[in-house]
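Everything below concerns the one structure shown next.
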Amino acid sequence: MSLNLLILFLAALWAGAQNALAGGGSFVTLPALMLTGLDARLANITSTIALFPGQVSAGYLGRKNAAGMEGMSLRALVAVSVSGGIVGALLLLATPPSFFGLLLPWLVLFGTSVFAWGSFFRKSTPGQRVFGARTALLVQFLIGVYGGYYGGGNGFLMLAALTLAGQAVRVAGATKNMVIALINGSAVVLFLFTPGLDWARIGVVAAGALVGGWVGVWALRRIDEKMLRIGIVILGLALTVGLFVRGR
């Protein structure tokens, strides 16, 4: 195994475990892929494809607990979110790699901020409905666009949106996992036709993330989740600074 593939496998192990424990795995795979020579846009596309199998697994396992809500069926929620994912993926494919490289630090900063907010500041309000079905569908469409285009911190955005629309946290978590898998699935279908994909990288990251996910599930009750969340926020901030410096 070459050094680049070894780096990617170890990063993917971490990312898979991180996703299982606290989320934010793309903050690990994205810089690792860029470190091995991919430009920012292709690294983002590669990361999305490679992490997709693990997301399918999480979404499938929790599918029975996924649900819609008053005025918004699960089918409508999925349709709107997937439509947004397709729009976001098409926007990404239409974005020149050089421009995406300039945009990426801001996306990482936004995703890191969302992750920090969801991890440490967001207050759970079970059953409290802040906005209605139409607003919820619009929000889900926009979250889908963001997920198809970049997606870092997308899980926290969706969890917040679903709970604000009235879902219980446990139901929202299962719904979020299933819908994010479908959003990324719609993006992956389009990304598969991207020129320059390196299937060796994709295979290594996918395998590492799956193994890491199993390790994360095993370690769920053995590791301090708060420290993991602090670590991923620090990583996101460091990546943001590094990307800004690199783009100067």
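The values are calculated or read from the model by the stated rules, or taken from the named source; none is laboratory data. All of these numbers come straight from a predicted model, not from anything done at the bench. As a convention, Cβ positions derive from the backbone with ideal geometry for all residues, glycine included, and neighbour counts pool all protein chains shown.
If I ask for residues that are of a type outside the set (Gly, Ala, Ser) and in contact with a Phe, Trp or Tyr (Cβ under 7 Å, 6 or more places away or on another chain), which ones from the range 34-88 would you list? 41, 44, 45, 48, 49, 80 - these are the residues of the range 34-88 that are of a type outside the set (Gly, Ala, Ser) and in contact with a Phe, Trp or Tyr (Cβ under 7 Å, 6 or more places away or on another chain). For the range 108-120, check the following and say yes or no: at least one residue is among the β-branched types (Val, Ile, Thr), surrounded by 13 or more Cβ atoms within 10 Å (Cβ to Cβ), under 14 Å from the mean Cα position of the chain (by Cα) and at pLDDT 90 or above. No: zero hits. Please specify each residue of the range 147-190 satisfying the condition of being in a loop (DSSP other than H, G, I, E, B) and surrounded by 21 or more Cβ atoms within 10 Å (Cβ to Cβ). Residues satisfying the conditions are 150, 151, 152, 153, 166, 167.
The criterion of being within 26 Å of residue 195 (Cβ to Cβ), modelled with pLDDT of 80 or more and assigned to a helix (DSSP H, G or I) holds for residue 104. Take the conditions (1) of a type in the set (A, V, I, L, M, F, W, C); (2) farther than 24 Å from residue 27 by Cβ; (3) at pLDDT 85 or above; residue 69 misses just one of them, which is (3). Identify the residue in the range 32-66 that is among the aliphatic types (A, V, I, L, M) and surrounded by fewer than 16 Cβ atoms within 10 Å (Cβ to Cβ) and, among all such residues, is modelled with the lowest pLDDT. Going through the qualifying residues, I end up with 61. On the basis of being closer than 13 Å to residue 204 by Cα, hydroxyl-bearing (Ser, Thr, Tyr) and free of Cβ contacts under 8 Å to residues at least 60 places away in the same chain, does residue 47 make the cut? Spelling it out, it is not the case that residue 47 is closer than 13 Å to residue 204 by Cα, hydroxyl-bearing (Ser, Thr, Tyr) and free of Cβ contacts under 8 Å to residues at least 60 places away in the same chain.
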